[in-house]
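**Q** One structure is given below, represented as structure tokens, and several questions about it will come after.
Please treat every number below as a calculation from the coordinates, not as lab data. These numbers come from a predicted model, not from an experiment. In this analysis, Cβ positions are derived from the backbone assuming ideal geometry, glycine residues included, and neighbour counts consider all displayed protein chains.
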Amino acid sequence: MSLSDEQCQRYARHLALPEVGEAGQEKLLHSKVLVIGAGGLGSPAAFYLAAAGVGTIGLMDGDTVDLSNLQRQILHTTASVGANKTASAQERLKALDPSIRIETHPFRLRKENATEILARYDFVIDATDNFASRFLIARACHEASKPWSHGGIRNFHGQTMTIIPGQTACYCCIFHEEDESKEAIPQGPIGALPGVIGSIQAIEAIKYLLNIGTLLTDALMTFDALTMSFRKVAVRRNSRCALCG
């Protein structure tokens, strides 16, 4: 498949990158990414995946848009309040690029539906906001051998890492399910914070799909917005990990 004139114009800046070029852009157009959570992290991640020309984007979220979401969840507008988040997000992404395919899953990921849904995608972005969902994603991606990006935000702090099941340290090498009971009451976050972390998650997905650069694997990247500092903490696979050990 060759790019159309409209696509050549739309993706001109990508085509100028030796690491992408026409072959890479065509690869993106044939790729499929699932974004679990259409809120703070999912908004910038999905926006940039769509802008990059990822041909199929899955959006999974069972919630509806609340007015308090709009401070950070930029996929949605005031007119979207009360609508399902996946429907609202689909409308915005199709307005950006009508040619991409948006698959909506207006419900939560569960053990019963995870295998079937994950099988459709090449990469998964965890844009959820609680331990239970993250551990479910970790297990589902491990069982399906699906690469994925974890992201988390709270207050002025964010974190992210990329996991290649069976090859790199996994989410459960760092975090343990007993942490779920210690989950703090949500505070914040400052509105622009998910834009930073979600954008990194989108970049990781694109790098994986194109097989370029060095992925954020075997490391947890943390970000402090108050001091404007990033830190990468090396992580090793834990031979006693309940999931991948």
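**Q** Counting DSSP beta bridges in the chain, what percent are antiparallel, to the nearest 5? List each step's numbers first, then the result.
**A** Details: 18 of 35 bridges.
So the antiparallel bridges in the chain amount to around 50 percent.
**Q** On alpha-carbon atoms, Rg over Rh for segment 53-92 using Kirkwood Rh? Intermediate results must be reported in sequence, preceding the final value.
**A** Values: Rg = 10.3 Å, Rh = 10.5 Å.
Over the Cα atoms of segment 53-92, Rg/Rh equals 0.98.
**Q** Hey, how many Å between the Cα centroid of segment 197-245 and the Cα centroid of segment 96-119?
**A** Distance between centres, Cα-based: 23 Å.
**Q** Stokes-Einstein D for the chain at 10 °C, 1.306 mPa s, Kirkwood Rh over Cα pairs, in µm²/s?
**A** Details: Rh = 18.3 Å.
D = 87 µm²/s.
**Q** Also, quick follow-up: In whole percent, what relative contact order does the chain give with Cα contacts below 8 Å and a gap of six or more residues? Walk me through the intermediate numbers first.
**A** Working: 494 pairs, mean separation 46.9, N = 245.
Once divided by the residue count of the chain, the mean separation gives 19 percent.
**Q** While we're on this one: Is the shape of segment 1-90 rounded, prolate or oblate, going by the alpha carbon gyration tensor and its root eigenvalues a ≥ b ≥ c, with a/c under 1.5 for rounded and a/b larger than b/c for prolate?
**A** Values: a/c = 2.85, a/b = 2.48, b/c = 1.15.
Prolate.
**Q** Taking amide H positions as placed in the peptide plane 1.01 Å from N, state which residues far from residue 58 in sequence (5 or more) or on other chains have amide H under 5 Å from it.
**A** When sequence neighbours closer than 5 places are left aside, the close amide H contacts are 33, 34, 35, 103.
**Q** A further question follows. In whole percent, what relative contact order does segment 1-136 give with Cα contacts below 8 Å and a gap of six or more residues? Write down the numbers at each step before the final one.
**A** Details: 227 pairs, mean separation 37.7, N = 136.
Answer for segment 1-136 is 28 percent.
**Q** For the residue pair residue 96 and residue 112, what label-to-label distance in nm results when each label sits 7 Å from Cα along the Cα-to-beta-carbon direction?
**A** Inter-label distance under the simple model: 3.3 nm.
**Q** Can you pull the percent of Cα pairs in segment 118-245 with separation above 17 Å? Write down the numbers at each step before the final one.
**A** Values: 4648 of 8128 pairs.
It works out to 57 percent of all Cα pairs.
**Q** Using 27 Å as the Cα-Cα cut-off, could you pick out the over-long pairs in 111/146; 85/146; 111/232; 27/232; 94/232? Don't jump to the answer; show the numbers that get you there.
**A** Values: 111/146 15 Å; 85/146 24 Å; 111/232 31 Å; 27/232 30 Å; 94/232 35 Å.
From 111/146; 85/146; 111/232; 27/232; 94/232, over 27 Å: 111/232; 27/232; 94/232.
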